[in-house]
1. Taking Cα pairs under 8 Å and at least six residues apart, what relative contact order does chain B come out at, in percent?
2. Averaged across the residues of A:79-86, what count of C-beta atoms belonging to other chains lies within 10 Å of each residue's C-beta?
3. By count of other Cβ within 10 Å, fewest leading, how are B:Met79, A:Met1 ordered?
4. Stokes-Einstein D for region A:5-100 at 25 °C, 0.890 mPa s, Kirkwood Rh over Cα pairs, in µm²/s?
5. Have a look at region A:7-50 and give its Rg and Dmax from the Cα atoms, expressed in angstrom.
6. Using a 10 Å cut-off around each Cβ, can you sort B:Thr19, A:Thr4 from fewest to most neighbouring Cβ atoms?
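Read-outs throughout are calculated quantities, based only on the coordinates presented, and are distinct from any laboratory measurement. Just so you know, these numbers come straight off a predicted model, no measurement behind them. Here Cβ is always computed from backbone atoms with ideal geometry, including for glycine, and neighbour counts include all displayed protein chains.
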There are 2 protein chains.
Amino acid sequence: MKETFGEYIKLLRTKNGLTLTKLAAQLDLDAANLSKIENGKRDFDEKRLSKLAAIFELSAQELQDEYVSDRLAKHIYEMDCSSELLKVAEEKAAYRRTLKK
Amino acid sequence: MKETFGEYIKLLRTKNGLTLTKLAAQLDLDAANLSKIENGKRDFDEKRLSKLAAIFELSAQELQDEYVSDRLAKHIYEMDCSSELLKVAEEKAAYRRTLKK
DNA sequence: ATTTGACTTGTCAATCTTTGACAAAGATAT
DNA sequence: ATATCTTTGTCAAAGATTGACAAGTCAAAT
C-alpha cells in the first residue's frame, strides 16, 4: 500500500541521510515547512518537483506520477468518494475531454 | 455520456421553463454568475446544493453524488490523468483512510 | 543538567485564488 | 425597432495557501 507524497519525501530524505534543514535548503524552503509537508499538514508545491527530481536523481515522469496520484488521492479522500462514484467521475472526465476539442 | 454539473443545472432550468434571473434569485446568486456556472467558467458552490435540491425536488443524496463526481471529474481532467494513475490514486485514498484512525 | 542538533507546531503577513456584484454587450423573440 | 434573456469583462472583497520566524519538544552527547 502506497504512502503519501509527504511520507515519500521523508523516506527519500532519511535513506539519503539528509536532515530537514539540508533538504529544505536545496528545495529553497524553510525546514519548518518541509516538516509540515512530510507530515501532511501542507502540500508540496508542484514548482519544486524538478528540484526534487534533481536532488535524488529520480525520473521526472515517475515523480510527476507519484505527485499527481497523491493529489488526486487527497481529493478522493476528502470527498469521501465511493468506488462507483469514482467510476462515474472517470467517465465525466472523459466527457470533458471531448468538450475541449 | 454524462454532462457537467453546469450543463445539468442548465437542463433542469430550461426543462422547468425558468430564466437565469429567476433561478439565480432562488439560489441567491447573480444571473451573470449562474450563466458562468452553467457554461463551466465558474464552480457551483456546495453550500447551495440544498437550495438546488429544494427548487427542483431532487434527492439530496443523488444531487450530492452528481456534484461530487463532477468535481472529481474536473480534477481528473485538469491533471490529465490516465486510468492507471487513477487506480493508484484510489489505492492511495484508501491508504489515507487507514491513517485517519 | 546543560547544550546541541533535529524536528514539530503556532502564528501571521504576504501572496494567490475564487467569488459577488455590476456594467455592458450579444442574442433572440415580438 | 424594443424588450427580454444570456454572456462576457472587470474589479474589489472574501477566502485559501504559502513563506517566514519564534518557540516548543525530544533525544543523544558531554
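1. Result for chain B is 22 percent.
2. Working: counts 8, 3, 7, 3, 3, 2, 6, 10.
Counting Cβ atoms of other protein chains within 10 Å of each residue's Cβ and averaging gives 5.
3. The fewest-first ordering by Cβ neighbours comes to A:Met1, B:Met79.
4. 164 µm²/s
5. According to the Cα coordinates of region A:7-50, Rg and Dmax are 9.4, 24 Å.
6. Working: B:Thr19 12, A:Thr4 20.
Taking fewest neighbouring Cβ atoms as first place, the list is B:Thr19, A:Thr4.
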